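The values are calculated or read from the model by the stated rules, or taken from the named source; none is laboratory data. Bear in mind that the values here come from a model prediction, so they are computed numbers and not experimental data. Neighbour counts run over all protein chains shown; Cβ positions are idealised from the backbone, glycine included. Just the protein is used for accessible areas: all its heavy atoms, side chains included, with ligands, DNA and RNA removed. Shrake-Rupley method; radii C 1.70, N 1.55, O 1.52, S 1.80 Å.
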Amino acid sequence: MYAPTSTNLPRSGLISGDDDGLTDFDGAAEILRTWGAGLTPDPDLTVSQWADRHRMLSGRASAEPGRYRTARTPYMREIMDRLSPGDEMQRVVFMKAAQVGATEAGNNWIGFAIHQAPGPMLAVQPTVELAKRNSRQRIDPLIDESPELRARVKPARSRDAGNTMLSKEFAGGILIMTGANSAVGLRSTPARYIFLDEVDAYPASADEEGDPVTLAEARSLTFAHRRKVFLVSTPTIRGLSRIEREYEASDQRRFFVPCPQCGAMQWLKFDRLRWQKGRPETAEYHCEGCDMPIAEHHKTAMLEAGEWRATATAADPTTAGYHLSALYSPIGWLSWERIVRAWEAAQGSDEAIKAFRNTILGETWVETGEAPDWQRLYDRRERWTSGTVPAGGLFLTAGADVQKDRIEVDVWAWGRGLESWLVDHVVIEGGPGDAACWRGLTDLLGKTWTHAAGPSMMLSRLAIDTGYETSAVYAWSRQAGFAQVAPVKGLEGFNRSSPVTGPTYVDATIAGKRLRRGARLWSVATSTFKAETYRFLRQERPTTEEISAGAVFPAGTVHLPDWADSEWLKQLTAEQLVTVKSRRGFSKLEWQKLRERNEALDCRIYARAAAWILGADRWSEARWRDLEAQFAVTAPDAGEAGNGVASRPASRNPPRRRTVRSRYMG
């Protein structure tokens, strides 16, 4: 250590011993102490200790700005500390509900790595666009609000590539942010630290180069036992959920908390939450040991005294797995009362219950995928004239399936809540090699169907499968125009957040000529729409007497006409969802045919994709009312708005005949 000498300090003050000399000596000593402190290694902190000491939450990125406190979410302490360099765990898996603080814990780890243990880090979001958004909304405030990080990360300058939207350089390392849909981003650089966020929203393959999680983790293999991988996600569907698969292969830790009355340690389960019917504000948790009610104000003390306990033996001893539901959410975030209200509001809707299980309980949804009985569908067909649109239909889409010797097309009408009616079934003979067949399909684009209220309707969008004779389909689509035609490509797997993606430009032509801007191709997660269709078909319906008394059909009801024959119905119910074992021994869901022909199901899926492309899943109440006004249809009252109630004609006197295409239809 450097030591002061007489040549380093003011002479006069030291010799004379006057007051000024003492002041000079004290100042020099302070300089030396500061300099010596700069040579002292940073304290050996864990991630949670670092967060409590250095992390500041920004008002633009957090609902509770100010200094970060691990005590606010005590269950995150062990999870964060497992990511510290001194811990033996290499992989940490966190299957969780929403609003439990997982995102901020991951950001704490990023800040800790930059400040305390520099090294290359890869942070992966489901898409590149989400990675950019996360960089702006989370990472930039993380750095800006922490002086220690701000001093280490290069400032963003137009000529300095060290700090860009998706790349942050710092002394001893770099943070690369990318999307799971980018194979280039996933294989860009070796990484000691890998943060995989919302892995259940990742695509099945990154640019068709393989599983994004596998590609990302391969970046860390060169770091051997020094690597750290953090996998975080809200789960989705049983058998398809990545995070559930990883959690089940781990030691499956649960957060046990004590009963404030008997002291029994237990992990919180939804079926122990009880309340008076219709009064969510009375929600209380009942202890497994003494069955006494526990009021929510005890939660803070329970969380402070809680601990993680393994409930299984991990296949890999270097992997720790954690599960947490929103029942543990701190007071002021998501209360037990709000959880109960969400559960009661979800009743009657499989989609809402599924969302509740995923986002509140942090559990997977079991998708049955059982094909409805075609004979039951046959018996409940309804009577309306072929080629006409029933009263509730507000726009038309079609799905076209290209076969070797024909093109089959089904036209569907759609109303509020995705209530739907089969309007027409068309078979155009000839196949893709016959020009007359394509002319027939072009003629269908200009055809009109009569609405029950009087106006004539045209197709708003036709989605056509590109799986067979791809170049011919692209060529016809370009000629017909993409305002009314959407070429689609079916993809395996479920994607509930965005079952249709695109469009992307493809450059194949029927003659093999390369085009600078080709056909606009949409990718469709067919499993999502198949499961939805079968769920809608299995819904219970009101009886004739109930309808006469004013009952309405539930959202998503599929209405089939009496001219739909048994062969068409068998095609509609030609597949079922089954669980199969992959080559690696993991379970996965797969659609399998029950019979050879399934054109009716395919056409339905493509027509449904066309409705998604038009934006029907995201239309505002004003748009629906505008559509209803075009057909003189009475909108639901305020209590029914947006619940999928079928619209009814305002009058039985049809207006003057006219052809209608909404301006929302492209």
Checklist line | Cα centre as origin, Lys/Arg/Asp/Glu Cβ charges: the range 54-175 dipole, Debye | finding: 300
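Taking the Cα centre of the range 327-452 as origin, sum charge times position over the Cβ atoms of Lys and Arg (+1) and Asp and Glu (-1), and report the length of that vector in debye to the nearest 20.
Numbers: 13 positive and 19 negative charges, 71 e Å.
Using Cβ point charges on Lys, Arg, Asp and Glu, the range 327-452 gives about 340 debye.
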Checklist line | FRET efficiency, D87 to K269 (Cβ-Cβ, R0 35 Å, nearest 0.05) | finding: 0.75
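For K299, K588, K269, K404, give the ranking by accessible area with the largest first, probe 1.4 Å. If you can, show how the numbers build up before the last one.
On the way: K299 5, K588 80, K269 50, K404 160 Å².
Putting K299, K588, K269, K404 in descending order of accessible area: K404, K588, K269, K299.
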Next item on the list: Leaving ligands, DNA and RNA out of it, work out the accessible area of Y474 with a 1.4 Å probe and give it in Å² to the nearest 10.
Entry: 20
Item checked: Net lengthening on full extension, S620/E209 (0.36 nm per residue, minus Cα-Cα) -> 144.2 nm
Notebook entry, point to check: Excluding ligands and nucleic acids, what accessible area in Å² is computed for D52 using a 1.4 Å probe, to the nearest 10?
Noted result: 50
Item checked: Karplus 3J(HN,Hα) series, Hz, for the range 246-257 with 6.51 cos²θ - 1.76 cosθ + 1.60 (x for Gly, Pro) -> 5, 5, 5, 8, 9, 7, 6, 7, 10, 8, 8, 10
Notebook entry, point to check: Tell me, what HN-Hα J-couplings in whole Hz come from the Karplus equation 6.51 cos²θ - 1.76 cosθ + 1.60 at θ = phi - 60° for each residue of the range 602-607, using x for Gly and Pro?
Noted result: 4, 4, 4, 5, 5, 5
Checklist line | Built amide H within the under 5 Å cut-off of K154, gap 5+ | finding: E169
Next item on the list: Sort out for me the Cα centre separation of the range 426-463 from the range 111-138, rounded to whole Å.
Entry: 49
Check: Which shape class applies to the range 229-346: rounded if a/c is under 1.5, otherwise prolate when a/b exceeds b/c and oblate if not, where a ≥ b ≥ c are the square roots of the Cα gyration tensor eigenvalues?
Finding: oblate
Margin query: Full-extension gain between Q375 and A71, please, as 0.36 nm times their residue separation minus the C-alpha to C-alpha distance.
Written below: 103.5 nm
Next item on the list: Report, by chain and number, residues whose modeled amide H sits under 5 Å from the one on T282, excluding near sequence neighbours (fewer than 5 apart, same chain).
Entry: Q276
Checklist line | Rounded to whole Hz, the Karplus (6.51, -1.76, 1.60) HN-Hα couplings of the range 399-405, x for glycine and proline | finding: x, 10, 10, 8, 10, 4, 10
Next item on the list: Report, by chain and number, residues whose modeled amide H sits under 5 Å from the one on I237, excluding near sequence neighbours (fewer than 5 apart, same chain).
Entry: W365
Checklist line | the range 248-365, accessible area per residue, ligands and nucleic acids excluded (1.4 Å, Å²) | finding: 46
Note to self: Please compute the length gained on full extension between E567 and S498, using 0.36 nm multiplied by the number of residues separating them and subtracting their Cα-Cα distance.
What the structure shows: 21.6 nm
Note to self: At 1.4 Å probe size, what's the solvent-accessible area of W438? Round to the nearest 10 Å².
What the structure shows: 30
